[in-house]
Amino acid sequence: MPFDIALTGLNAAQNDLQVISNNIANSETNGFKRSRAEFADLYATSQFGTSSNAIGQGVEVASISQQFTDGDITFTDNSLDLAISGGGFFVLSDGGAQTFSRAGAFQVDNLGNIVNSSGSQLVGFQADSSGNLTGAQGPLVISRGNIAPNVTSTINIDANIDASEIVLPAFLIGPSGAPDPGTYNHATSYTVFDSLGGEHVTTNYFRKDNATDWQVFQFVDNTQISGPDVLTFDAFGDLTAINGTVGQTTTTSGAFTPGGIGAPTTFTVDYSGVTQFGGGFGISAIDQNGFATGRLSSLDFDPSGALFARYTNGQSLTLGQVALANFANPQGLRPTGSTAWSESFASGQPLIGAPGSADLGLVQSGSLEESNVDVTGELINLIQTQRNFQANAQVIGTADTITQTIINIR
């Protein structure tokens with residue numbers, strides 16, 4: 001009997017040694033979670049239980065328990081490296097099968113999918129063509145195609161025109177085809193975009209007509225398309241009317257036709273931010289909603305997991321949002337290798353949501369979660385396991401000596 005009991009102790013020590021060895025071997029594996037061998041004693045039982053003076057039959061491995069504490073976070077120079085600060089797992093699609101991982105070393109494959117080193121695709125919430133997030137889930141895909149241009153349709157001008165300016169002669173076009181500088185008080189230029197993304201220089205010329213009225217002439221590529229539009233101001237310098245219409249603050253330009261096959265273009269100009277105060281002419285801001293075509297220049301994630309693509313034309317677009325999953329019992333997850341797990345009956349079904357919602361953590365871009373293995377602690381456990389093994393081996397040696405003594409009795 002001591003042989004059998006000691007043998008269970010040797011087997012338990014060997015299993016513990018394997019768990020410790022696996023932990024130490026993966027001490028540098030990103031997203032790895034250490035395991036712990038948990039043991040339980042054995043008793044011989046009958047239909048009516050055990051007796052009060054029953055002697056145990058040894059030990060067994062009750063469970064190999066995974067420890068899902070967070071690992072330290074290290075920073076990298078790759079914006080596609082992701083770490084979860086808090087609870088949750090990345091959701092991965094492996095040929096349609098769903099797996100879960102804390103390892104966030106991702107890259108882009110030849111089809112634009114965000115994948116890990118095993119080729120599993122990162123799953124997230126999809127965005128429409130305008131960058132609005134939807135509730136649909138699927139692999140996150142990065143398109144390397146150029147972003148389509150956007151024709152200018154609205155322009156907002158915030159400026160002050162000097163109330164102390166003098167009234168000039170009627171607006172005239174000079175011999176060169178450009179406006180005569182002696183017939184306007186101020187001018188400001190900005191860029192607008194046609195339907196093909198072509199750039200066109202637009203200039204507004206302001207001419208004081210009387211104490212309250214200013215004329216505005218609009219030119220695109222040195223060709224007049226609008227004007228004069230009359231801006232009327234009150235005694236406090238606020239815009240009160242345009243072209244005699246009280247309360248109106250916008251005008252619509254005449255159409256201009258860009259070269260090539262570009263469509264005729266008009267746009268609305270909002271002058272609600274224009275004032276007539278003393279102190280000189282000044283432009284505070286000119287905003288227009290057009291832009292040229294652009295190429296993908298960079299990618300980054302915000303803490304909520306939203307994936308932003310930035311383009312060479314200064315625009316950005318949301319391509320999707322990382323989805324995270326959590327479980328009622330993470331320790332019930334079944335390891336599948338490659339630092340991934342799959343759900344099981346014990347873990348419960350995945351609860352999938354956006355980072356930062358419910359009990360899900362936030363996503364940190366340009367970072368990786370290290371293994372949560374404490375090598376120093378594992379080495380101490382290794383010494384204890386070695387002693388356990390040696391002690392059980394000593395039990396077998398002692399039992400053998402006793403048995404040999406009994407056999408030698410004559």
- [ ] Output the residues belonging to region 126-165 that are of a type in the set (Asp, Glu) and assigned to a loop (DSSP other than H, G, I, E, B).
- [x] ASP128, ASP162, GLU165
Task: Flag if VAL115 is β-branched (Val, Ile, Thr) and surrounded by 15 or more Cβ atoms within 10 Å (Cβ to Cβ) - done: yes
TODO: Residue by residue through region 288-301, note down the ones that are assigned to a strand (DSSP E or B) and surrounded by 16 or more Cβ atoms within 10 Å (Cβ to Cβ).
DONE: GLN288, PHE291, GLY294, LEU296, LEU299, PHE301
Open item on the list: If ILE407 meets every condition in (1) loosely packed, with under 11 Cβ neighbours inside 10 Å; (2) of a type outside the set (Lys, Arg); (3) under 52 Å from the mean Cα position of the chain (by Cα) apart from one, which number is that one?
Closed with: (3)
Open item on the list: Residues that are assigned by TED's automatic domain parsing to the domain that holds GLU165, surrounded by 15 or more Cβ atoms within 10 Å (Cβ to Cβ) and not hydroxyl-bearing (Ser, Thr, Tyr), at least 1 per element: which strands (runs of 3 or more DSSP E) completely within region 183-287 meet that?
Closed with: 186-193, 199-208, 213-220, 223-233, 239-242, 268-275
Open item on the list: I'd like the full set of residues that are assigned to a helix (DSSP H, G or I) and in contact with a Phe, Trp or Tyr (Cβ under 8 Å, 6 or more places away or on another chain), limited to region 349-399.
Closed with: ILE396, ALA399
Task: Search result, residues across region 103-124 that are closer than 23 Å to THR69 by Cα and either more than 15 Å from the chain's Cα centre (by Cα) or not assigned by TED's automatic domain parsing to the domain that holds ALA354 (or both) - done: ALA103, ASN116
Open item on the list: Residue under question is SER297, and the condition is that it be free of Cβ contacts under 8 Å to residues at least 60 places away in the same chain, in the same structural domain as ALA159 (by TED's automatic domain parsing) and small (Gly, Ala, Ser); does it hold?
Closed with: no
Open item on the list: Looking for something within 18 Å of ALA127 (Cα to Cα), buried (at least 18 other Cβ atoms within 10 Å of the Cβ) and at pLDDT 95 or above - is there at least one such residue anywhere in region 325-340?
Closed with: no
Task: Test: residue in region 91-102 that is touching a Gly at 6+ places or on another chain (Cβ under 7 Å), assigned by TED's automatic domain parsing to the domain that holds PHE308 and modelled with pLDDT of 90 or more - done: yes
Task: So PRO149, is it touching a strand residue (DSSP E or B) at 6+ places or on another chain (Cβ under 8 Å) and not aliphatic (A, V, I, L, M) - done: yes
Task: Residue among SER365, SER347 that is under 16 Å from ILE84 (Cα atoms), buried (at least 18 other Cβ atoms within 10 Å of the Cβ) and of a type in the set (Ser, Thr, Tyr) - done: SER365
Open item on the list: Restricting to region 1-39, name every residue that is surrounded by fewer than 16 Cβ atoms within 10 Å (Cβ to Cβ) and of a type in the set (D, E, K, R).
Closed with: ASP4, GLU28, ARG36, GLU38
Open item on the list: Every residue in region 302-341 that is closer than 27 Å to GLN66 by Cβ, touching a residue at least 60 places away in the same chain (Cβ under 8 Å) and not in a loop (DSSP other than H, G, I, E, B), please.
Closed with: VAL322, LEU324, ALA325, ASN326, PRO330, GLN331, PRO335, THR336, ALA340, TRP341
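The values are calculated or read from the model by the stated rules, or taken from the named source; none is laboratory data. All figures in this text were calculated on a predicted structure; none of them were measured in a lab. Cβ atoms come from the backbone with ideal geometry, glycine included; neighbour counts cover every protein chain shown.
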